Amino acid sequence: MLVLTRADLERVLEPAAVIAAVEAAFREAAAGRAPALPRASLPTARDGMFLGMISALPRLNALGAKLISFVGSNRKRGLPTHQATYLLSDLETGAPLAFMEAGFLTAIRTGAASAVAAKYLARADSRQIACFGAGVQAEFQLRCLKGVLPLESVVVVGRDPIRTWAFAERMRGALGLPVEVTRNRRAAVRDADVVTCATTSTRPVFAGGDLRAGTHVDAVGSFRPATREVDTETVRRARVVVDTYQGAWAGAGDLLIPIKARAVSRRHIRAELAEVVARKKPGRTRSGEITLFKSVGWAPEDAATARLAYDRAMAQGIGTEVTL
């Protein structure tokens, strides 16, 4: 079995390849070839949760299981809020192929899913992003979105000024674009073509009434029924696409809260991303339309990314072989 560290994964995975792999996984789902078990969750602390995600991609000969923990108070400890591991197995034999660090894997595949959604939901001429969040996931949202949109500038809104300024400086180098920091949420949203939200906030981070016509909103931070990053007005104004209906109904508070308040109905959610990728349902239908992609995570994204990492690592001689 091959063991892949975070450093190994950083050597073999880059946004463009992961975006392609994740988009292919959504096509497999549209064809009924991406079985996945419902996500299992177990509360572990006052602000913690332990999640298990299992899926298969038969045509890639990939079977995988991810264990991921979320502990919000880790930020005060100087630790990641999300920590994860992934076990990739051979679907035909059941033999374990690789065990890998999955914090990086989760971050890049989540960003890749948002990039796939942006291909179909954002305006093709989208140039400015308002980014809410200054952590690991926000970084990968920006890195992956840059791979599919002609971005020219980024404005970042974060809670911690020092952390946010450091993030902006780092992203200037990573993206090769102007990346500025602002505390004016209204102006950031009003000027944006794309608004990406990758925070641990439990309540909306901007006002939906500030969105201008044609904006695409990408919300990936919230994954619990009682928490959200976008408000009811954003949902009400937008054409909404989710990663999966099953995931949305189980954990997308951004949608469940407005539905419970009867501001919108479940019919307001127009499609799963797989349906849009396969052209079974439309993505953006007009230039002035506001669109929203709500993601809570989908296990085959992990399987596709893990298989890509394993194949590339084997080809390049990267990783450590161990015998169980």
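Values computed for the structure shown
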{"read-out": "Identity of the residue in segment 306-324, surrounded by fewer than 17 Cβ atoms within 10 Å (Cβ to Cβ) and of a type in the set (Ser, Thr, Tyr), that ends up modelled with the lowest pLDDT", "value": "Thr323"}
{"read-out": "Qualifying positions in segment 20-57 - small (Gly, Ala, Ser) and touching a helix residue (DSSP H, G or I) at 6+ places or on another chain (Cβ under 7 Å)", "value": "Ala21, Ala24, Ala25, Ala29, Ala30, Ala34, Ala36, Ser55, Ala56"}
{"read-out": "Residue identified as basic (Lys, Arg), touching a strand residue (DSSP E or B) at 6+ places or on another chain (Cβ under 9 Å) and outside the structural domain of Ala98 (by TED's automatic domain parsing) among Lys260, Lys280", "value": "Lys280"}
{"read-out": "Unmet requirement for Ala213, which otherwise passes all of (1) free of Cβ contacts under 8 Å to residues at least 60 places away in the same chain; (2) farther than 30 Å from Met49 by Cα", "value": "(1)"}
{"read-out": "Residues satisfying the stated conditions in segment 9-63, i.e. in a loop (DSSP other than H, G, I, E, B), of a type outside the set (A, V, I, L, M, F, W, C), more than 17 Å from the chain's Cα centre (by Cα) and more than 18 Å from Leu87 (Cβ to Cβ)", "value": "Gly32, Arg33, Pro38, Arg46, Asp47"}
{"read-out": "Every residue from segment 94-109 that is out of contact with any helix residue (DSSP H, G or I) (no Cβ under 6 Å at 6 or more places or on another chain) and buried (at least 24 other Cβ atoms within 10 Å of the Cβ)", "value": "Met100, Ala102, Thr106"}
{"read-out": "So Ala219, is it at pLDDT 95 or above, crowded, with 24+ Cβ neighbours inside 10 Å and among the aliphatic types (A, V, I, L, M)", "value": "yes"}
{"read-out": "Hits in segment 1-19 (condition: aliphatic (A, V, I, L, M) and either within 13 Å of Gly111 (Cβ to Cβ) or in contact with a helix residue (DSSP H, G or I) (Cβ under 8 Å, 6 or more places away or on another chain) (or both))", "value": "Leu2, Leu4, Leu9, Val12, Leu13, Ala16, Ala17, Val18, Ile19"}
{"read-out": "Per-region count, segment 80-109, residues assigned to a helix (DSSP H, G or I), over 16 Å from Ser55 (Cα atoms) and not aliphatic (A, V, I, L, M)", "value": "2"}
{"read-out": "Set Leu87, Leu60, Leu51: member being closer than 21 Å to Phe223 by Cα, touching a residue at least 12 places away in the same chain (Cβ under 8 Å) and of a type outside the set (Val, Ile, Thr)", "value": "Leu51"}
{"read-out": "In segment 237-286, the residues that are aliphatic (A, V, I, L, M), in contact (Cβ under 8 Å) with a residue 12 or more places away in the chain and in a helix (DSSP H, G or I)", "value": "Ala248, Ala250, Leu255, Leu256, Ile257, Leu273, Ala274, Val276, Val277"}
{"read-out": "Residues that are assigned to a loop (DSSP other than H, G, I, E, B), buried (at least 24 other Cβ atoms within 10 Å of the Cβ) and of a type in the set (A, V, I, L, M), drawn from segment 122-146", "value": "Ala122, Ala134"}
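The values are calculated or read from the model by the stated rules, or taken from the named source; none is laboratory data. This is a predicted model, so every value here is computed, not measured. All Cβ positions, glycine included, derive from the backbone under ideal geometry; neighbour counts span all protein chains shown.
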